[in-house]
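Accompanying notes for the structure given below.
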Amino acid sequence: MSRQKSFGASGKCRPEDIVHVWDKVKVPLGQRSYEIQIGPGLLTELPARLQEIGIAQRLFIVTDSNVEDLIGIDLLNILQDADFEVTLISFPAGEESKHMETVIGLARRLVQLGADRRSLILALGGGVTGDIAGFLASIYMRGIPFIQLPTTLLAQVDSSVGGKTGVDLPEGKNLIGTFAQPLAVFADIGVLASLPGSEVRNGLAEIVKYGMIADPELFKFLEEKWWDVVNLEPETTSFLVRRSCEIKADVVSRDEREGGLRRILNFGHTIGHAVEAVSGYSIPHGEAVAIGMVAVSKISVARGLMAQEDLARLKGVLEQFRLPVEIPGSMDRQSIMEHMKRDKKVQDGRIHFVLTRGIGEALVVGDVSKEELERAIQP
Ligand SMILES: NC(=O)c1ccc[n+]([C@@H]2O[C@H](COP(=O)([O-])OP(=O)(O)OC[C@H]3O[C@@H](n4cnc5c(N)ncnc54)[C@H](O)[C@@H]3O)[C@@H](O)[C@H]2O)c1
Ligand SMILES: [Zn+2]
């Protein structure tokens, strides 16, 4: 089946290379520990991988309408050919579906299809699917197990790791949800070949974030190998997904419920979220985060924590990935300020900002003044 190949051993990768591009990351969370497996062609092999970890229950693939056509139907066939009892259910693709009614609709489908407490959900898709299907699994019949099968770069490096699930409310994004860890994550980097450039850039912005907050070597790698990075060269992509998962898993395992350290993952996100919202969500998340990382780094530079040269390097790497580095001139600065005040992460009236000491070390501060912030977002 030709389609099978497109999400299997990605055309760019010779079989002898594959051993070098398969990787594993452990997420140490006591009894809820699990493994992230990374590599091209993983989904083609899913039956064997599921058997390895002792999965024998009835499976429900939950996916969105795009991924259903691109990957879902083939995966369904592969699992059925391997004698798994498996059903696919889907919802319309897009953030607009990320609300309670979708979860209720999917839950009702599960009941009608006879899903019980021994059933298992395979969350196949990007971050929207992972958040919806993980949330559904965590509340269906008081919780059934699930496995993440992330298919966007953003989902592979960010949303499928860490156990946050949930949906949006009209009042704001991700306002209802649970902490729920999957049994495993299988990130097939071969499926990324069909991702539109803008979706690749959303993932790249988060990878730059990991370099900035935790890993100067990763940052240097992005600068030096930018061509392989943007072209999703398999060995490079596999490394980037592994390193990103390691960093996020390390932070999350030390602070599962966002008491403190986990906040560093919000680097660039406070200003980024405001820019995203004020644009009416016409600026994609990755672009908004890129803008936010540059703006907040101006505060680090002004405080003498970071050299001007490091800010130039940050801008340089973002520009190579064709991510923006400035807030659009026409955007109302006052609206950005007001949005930040309403951010759900504001505590005791103080907004916490993640600053960096140079490249590779983050610190959380609660004392950024209104004036500092205004200067950072000025054109
Ligand atoms: N839970 C967390 O910790 C966490 C972290 C970050 C982001 N998120 C959430 O993730 C969501 C964003 O995730 P996303 O950017 O993956 O969005 P998404 O799931 O909407 O995917 C983006 C688009 O790509 C399509 N797609 C998916 N895989 C594809 C493939 N292989 N080829 C071609 N197209 C494909 C999807 O159908 C969709 O149209 C947001 O809702 C955000 O809140 C959650
Ligand atoms: Zn993000």
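Tabulated data
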read-out	value
Count of residues meeting criterion [among the hydrophobic types (A, V, I, L, M, F, W, C) and crowded, with 24+ Cβ neighbours inside 10 Å] in region 194-207	3
Condition check for A180: under 23 Å from L70 (Cβ atoms), in the same structural domain as T44 (by TED's automatic domain parsing) and among the small types (G, A, S)	no
Identity of the residue in region 64-102, loosely packed, with under 14 Cβ neighbours inside 10 Å and of a type in the set (D, E, K, R), that ends up nearest to the chain's Cα centre (by Cα)	E96
Qualifying residue in region 174-182 (condition: within 9 Å of ligand 1 (Cβ to nearest atom) and either more than 28 Å from P324 (Cα to Cα) or assigned to a helix (DSSP H, G or I) (or both))	yes
R254 vs. criteria within 12 Å of ligand 1 (Cβ to nearest atom), modelled with pLDDT under 95 and either in the same structural domain as T356 (by TED's automatic domain parsing) or under 22 Å from L153 (Cβ atoms) (or both)	no
So Q57, is it away from ligand 2 (no atom under 16 Å from the Cβ), without any contact (Cβ under 8 Å) to a residue 24 or more places away in the chain and either among the polar types (S, T, N, Q) or not assigned by TED's automatic domain parsing to the domain that holds K24 (or both)	no
Residue match in region 289-302 (condition: on the phi > 0 side of the Ramachandran plot and within 16 Å of ligand 2 (Cβ to nearest atom))	no
Members of region 32-46 that are in contact (Cβ under 8 Å) with a residue 12 or more places away in the chain and surrounded by fewer than 18 Cβ atoms within 10 Å (Cβ to Cβ)	R32, E35
Number of positions in region 312-338 that are touching a Ser or Thr at 6+ places or on another chain (Cβ under 8 Å) and assigned to a helix (DSSP H, G or I)	1
Checklist (1) more than 20 Å from A290 (Cβ to Cβ); (2) modelled with pLDDT of 95 or more; (3) not in a helix (DSSP H, G or I) applied to L232, failing item	(1)
Selection within region 32-69 - within 27 Å of R243 (Cα to Cα) and assigned to a helix (DSSP H, G or I)	R32, L46, P47, A48, R49, L50, Q51, E52, V67
Filter result (within 14 Å of ligand 2 (Cβ to nearest atom) and either farther than 20 Å from T152 by Cβ or touching a residue at least 60 places away in the same chain (Cβ under 8 Å) (or both)) within region 190-210	E199, R201, N202, G203, L204, A205, E206, V208, K209
Restricting region 98-113 to residues that are more than 18 Å from T178 (Cβ to Cβ) and without any contact (Cβ under 8 Å) to a residue 40 or more places away in the chain, the residue that is nearest to ligand 2 (Cβ to nearest atom)	G105
Exclusive hit being in a loop (DSSP other than H, G, I, E, B), away from ligand 1 (no atom under 11 Å from the Cβ) and within 26 Å of Q51 (Cβ to Cβ), set I121, I144	I144
Region 114-146: number of residues that are within 15 Å of the chain's Cα centre (by Cα) and touching a residue at least 60 places away in the same chain (Cβ under 8 Å)	8
Residue within region 83-98 that is away from ligand 1 (no atom under 14 Å from the Cβ), among the polar types (S, T, N, Q) and either not in a helix (DSSP H, G or I) or not assigned by TED's automatic domain parsing to the domain that holds G203 (or both) present	yes
Region 298-317 residues that are assigned by TED's automatic domain parsing to the domain that holds F221 and of a type in the set (S, T, N, Q), paired with ones that are part of a helix (DSSP H, G or I) and surrounded by 13 or more Cβ atoms within 10 Å (Cβ to Cβ) (beta carbon under 7 Å, 6 or more apart)	Q308/V301
Verdict on S119 being of a type in the set (S, T, Y), at pLDDT 95 or above and either outside the structural domain of E35 (by TED's automatic domain parsing) or farther than 20 Å from V191 by Cα (or both)	yes
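Matching residues to (1) crowded, with 22+ Cβ neighbours inside 10 Å; (2) among the polar types (S, T, N, Q):
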position	(1), (2)
Y281	no, no
P284	no, no
A288	yes, no
I291	yes, no
V296	yes, no
A302	no, no
L311	no, no
K315	no, no
Q320	no, yes
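The values are calculated or read from the model by the stated rules, or taken from the named source; none is laboratory data. Worth saying up front: this structure is predicted, and the values here are computed from it rather than measured. Glycine also receives a Cβ, built like all others from the backbone with ideal geometry; neighbour counts cover every protein chain displayed.
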